[in-house]
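Okay, structure first, notes after.
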Amino acid sequence: MPLRQTFQVVISDDEIRFSDVDDDEEASVDHLSEGDDEIREIRQNPSIKLVDLKESILKKYKCIVHLSQCQRAKAKALGEVETVLIEHYGKLWDYGDEIRRSNPGSTVKISVEIGPNNINYFQRFYVCFKGIKEGWLSGCRRFIGLDGCFLKTVCKGELLSAIGKDGNNQIYPLAWVVVEVENKDSWKWFLEFLMEDIGLTDGLGVTLMSDQHKGLVEAVKEVFPLAEHRQCARHIYANFRKKYTGIQFRSLFWDASKSGTPQEFEGIMQEIKSLSPHTYEHLMERQPSTWSRAFFKIDTSCDAVENGASIGVLLQMEGIFLK
């Protein structure tokens, strides 16, 4: 039976070229694993399913491939990414030295773990630039939002950040750290360096805002025992609406969160109590003094009830890490 002529798509230097191949020949695994788009997609989502990878290739290049080819291509691409990452992590010390050289007075801290084979494994990386901490000390409100997010790379880990607010109430990234996992120990490691950099003593006169992560709450108690620690109202509401739904409850919650005086807060809570005593008890158990504006201190000149600015900065920084 004579062979029919078909086309093979080859990706090279962002250009697509066509070459004649026989039906009996398979598309090269090298071609699939060397495409920039494919490597980027696998790197950003190492757990991508073979079926999804196959559909992605079909959609982008109109090329039909077998699942076995996708499997081999994915394995090869992950191996290449891992090799590159090992080289990159080996340059972290040079990166830290370059930050200190080009930004004298900046703080860079690197923590490693020594494995059973006596090889150093990356654990944590902290950065706070001199110009940024001086700017916070000289012109920003005494407010710091704390938050973290997962890094969706091959190496995983979490990105923790400290975000301030300037005189115009706009976001002001202060410091960030990459850690192996978000827990009390990693947050305490981060906050202790932050305390040294911005000269805080027990957190007196400073307001912190975060979610309800137990490790973070405990770390703040130990490092900044005198700081005002607010809870992000959006996180409180996210848990609240799982049990108590409806537009009316949503409206009353935010009215209570943004109330200006204790008397106004109490009036709104009594209205909630008249509708549902259980809802009232649920909210009162969540320490209203930490999420209602009615009880906030005024010396920090910041009446924010949400930590949304920190979340936005984290998403931007996460995007940078994934590139």
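How many residues does segment 137-167 contain that are part of a loop (DSSP other than H, G, I, E, B) and at pLDDT 90 or above?
So the answer is 0.
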- Query: What are the residues in segment 227-243 that are of a type outside the set (Gly, Ala, Ser) and in a loop (DSSP other than H, G, I, E, B), if any?
  - Reply: Cys232
- Note on the structure: Conditions (1) part of a helix (DSSP H, G or I); (2) touching a helix residue (DSSP H, G or I) at 6+ places or on another chain (Cβ under 7 Å) -> Phe190 fails only (2)
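Determine which member of the set Val181, Val177 is touching a strand residue (DSSP E or B) at 6+ places or on another chain (Cβ under 7 Å) and part of a loop (DSSP other than H, G, I, E, B).
Val181
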- Which of the following residues is more than 30 Å from the chain's Cα centre (by Cα) and of a type in the set (Val, Ile, Thr): Thr207, Thr279, Thr201? Thr279
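The rows are residues; the columns are (1) in the same structural domain as Trp189 (by TED's automatic domain parsing); (2) surrounded by 18 or more Cβ atoms within 10 Å (Cβ to Cβ); (3) in contact (Cβ under 8 Å) with a residue 24 or more places away in the chain.
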position: Leu216; (1), (2), (3): yes, yes, yes
position: Glu222; (1), (2), (3): yes, no, yes
position: Tyr244; (1), (2), (3): no, yes, yes
position: Ile247; (1), (2), (3): no, no, no
position: Ser257; (1), (2), (3): no, yes, yes
position: Glu266; (1), (2), (3): no, no, no
position: Thr279; (1), (2), (3): no, yes, yes
position: Gln287; (1), (2), (3): no, no, yes
- State whether one or more residues within segment 68-81 are farther than 24 Å from Glu182 by Cα, surrounded by fewer than 17 Cβ atoms within 10 Å (Cβ to Cβ) and in contact (Cβ under 8 Å) with a residue 60 or more places away in the chain. yes
- Query: Looking only at segment 112-132, which residues are surrounded by 15 or more Cβ atoms within 10 Å (Cβ to Cβ) and either of a type in the set (Ser, Thr, Tyr) or touching a helix residue (DSSP H, G or I) at 6+ places or on another chain (Cβ under 8 Å) (or both)?
  - Reply: Phe122, Arg124, Phe125, Tyr126, Val127, Cys128, Phe129
- Note on the structure: The condition of being more than 23 Å from Lys130 (Cα to Cα) and not basic (Lys, Arg) holds, among Phe224, Phe265, Phe190, only for Phe265
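The values are calculated or read from the model by the stated rules, or taken from the named source; none is laboratory data. Nothing here was measured: the structure is a model prediction, and the numbers come from that model. Positions of Cβ are generated from backbone atoms using ideal geometry, with glycine treated the same way; all protein chains shown enter the neighbour counts.
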